[in-house]
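**Q** For reference, the structure I am asking about is given below.
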Amino acid sequence: MPSSEPIELTSLDLARCRSWPYSQDHCVTCGLCASSCPVSGVDGFDPRKLIRLISLGLDEAAAESRWPWICTLCGKCENACPMEIDIADAVRRVRSLRDRDQVPGILQQGLEAALEAGNNLRLPTEDFIFIIEDVAEEVAEEPGFEGFTAPIDKKGARLLTTIHNKLVNTHTEDLKHWWKIFHAAGEDWTISSVNWEGTSWGYFTGDDRAIKTMAGRIVEQMETLSINTLLWPE
Ligand code: SF4
Ligand code: SF4
């Protein structure tokens, strides 16, 4: 005889049920995700439809469609979902179903460059250091920041920060905002001269092994520099 005792779910069980591949069972097709999604409607994309595809067992069809690549993985839909379904994670898992040579070019190229060179720009270390020092000199010319420098590979610093690749490419002004805050706060911080890339290209391409590799490199650098705190703005 089946037991009539209620099954008690732990918070871990519930979290698992709301994640891939169980999340579809909880969808009530309310559409709140679609109404909160900033890219809903682009090429017919709708997170509710994507979740329904998965719930119907059509994972492969979902993986072959363009929809998972339209999603920005912003997670806004999850805040709206009354069933607390981890929609962005489902999207990422669907991306992982694609053959790697079918991943959209710009993302896969970014990942391959980041894995090979430590950053998706394939920027050599000496060029990276030149840019960092150049921007730091500009900060030092501003009132209140005289003598400012951007510490690179400072052993024993309190905090290591990663950098988004565009901040050493087209948006160097944005580096200054972070640095000025550190300066004003009296923070003991540093930047790594290698593997400084903060963008997890494995996350965007649905490649868990690449996520682990890139995150592992950052941890290795923290160990090398004897740093316990990481600021990972991405
Ligand atoms: S995570 Fe994707 S589906 Fe959800 S709101 Fe953001 S873009 Fe839309
Ligand atoms: S908000 Fe959640 S429950 Fe509602 S349609 Fe979207 S995924 Fe389903």
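Every residue, every condition in (1) modelled with pLDDT under 90; (2) closer than 26 Å to residue 212 by Cβ; (3) hydroxyl-bearing (Ser, Thr, Tyr), yes or no:
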{"site": "154", "(1), (2), (3)": "no, no, no"}
{"site": "157", "(1), (2), (3)": "no, yes, no"}
{"site": "165", "(1), (2), (3)": "yes, yes, no"}
{"site": "173", "(1), (2), (3)": "yes, no, no"}
{"site": "181", "(1), (2), (3)": "no, no, no"}
{"site": "185", "(1), (2), (3)": "no, no, no"}
{"site": "198", "(1), (2), (3)": "yes, yes, no"}
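**Q** When the residues of segment 212-234 are filtered to those that are under 14 Å from the mean Cα position of the chain (by Cα), surrounded by fewer than 18 Cβ atoms within 10 Å (Cβ to Cβ) and not aromatic (Phe, Trp, Tyr), which remaining residue is farthest from residue 106 (Cα to Cα)?
**A** The qualifying residue farthest from residue 106 (Cα to Cα) is 231.
**Q** So, in segment 30-59, of the ones that are away from ligand 1 (no atom under 13 Å from the Cβ) and assigned to a loop (DSSP other than H, G, I, E, B), which residue ends up nearest to residue 82 (Cα to Cα)?
**A** Selected residue: 30.
**Q** Let me ask you something else. I'm checking my understanding of the structure. Among residues of segment 50-61 that are surrounded by fewer than 19 Cβ atoms within 10 Å (Cβ to Cβ) and within 11 Å of ligand 2 (Cβ to nearest atom), which one is modelled with the lowest pLDDT?
**A** If we take residues in segment 50-61 being surrounded by fewer than 19 Cβ atoms within 10 Å (Cβ to Cβ) and within 11 Å of ligand 2 (Cβ to nearest atom), then 55 is modelled with the lowest pLDDT.
**Q** Does residue 185 satisfy the criteria of being surrounded by 15 or more Cβ atoms within 10 Å (Cβ to Cβ) and small (Gly, Ala, Ser)? Before you say what the answer is, go through the steps one by one.
**A** Details: surrounded by 15 or more Cβ atoms within 10 Å (Cβ to Cβ): no; small (Gly, Ala, Ser): yes.
No.
**Q** Give me a count of the residues in segment 58-77 that are without any contact (Cβ under 8 Å) to a residue 24 or more places away in the chain and within 21 Å of the chain's Cα centre (by Cα). Steps first, please.
**A** To start, the set of residues in segment 58-77 that are without any contact (Cβ under 8 Å) to a residue 24 or more places away in the chain comprises 58, 61, 65-66, 75.
Now narrow it down to the ones that are within 21 Å of the chain's Cα centre (by Cα): 66, 75.
Total meeting the criteria: 2.
**Q** Could you tell me which of the residues 218, 211 is free of Cβ contacts under 8 Å to residues at least 60 places away in the same chain, over 21 Å from residue 128 (Cα atoms) and in a helix (DSSP H, G or I)? Steps first, answer last, please.
**A** Details: 218 fails: over 21 Å from residue 128 (Cα atoms).
Of 218, 211, the one residue that is free of Cβ contacts under 8 Å to residues at least 60 places away in the same chain, over 21 Å from residue 128 (Cα atoms) and in a helix (DSSP H, G or I) is 211.
**Q** Here's another thing I want to ask about it. Report yes if some residue within segment 195-203 is surrounded by fewer than 21 Cβ atoms within 10 Å (Cβ to Cβ) and over 27 Å from residue 102 (Cβ atoms); otherwise report no.
**A** yes
The values are calculated or read from the model by the stated rules, or taken from the named source; none is laboratory data. Not measured: the values here are computed from a predicted model. Quick reminder, even Gly has a Cβ in these numbers, built from the backbone with ideal geometry, and neighbours come from all protein chains shown.
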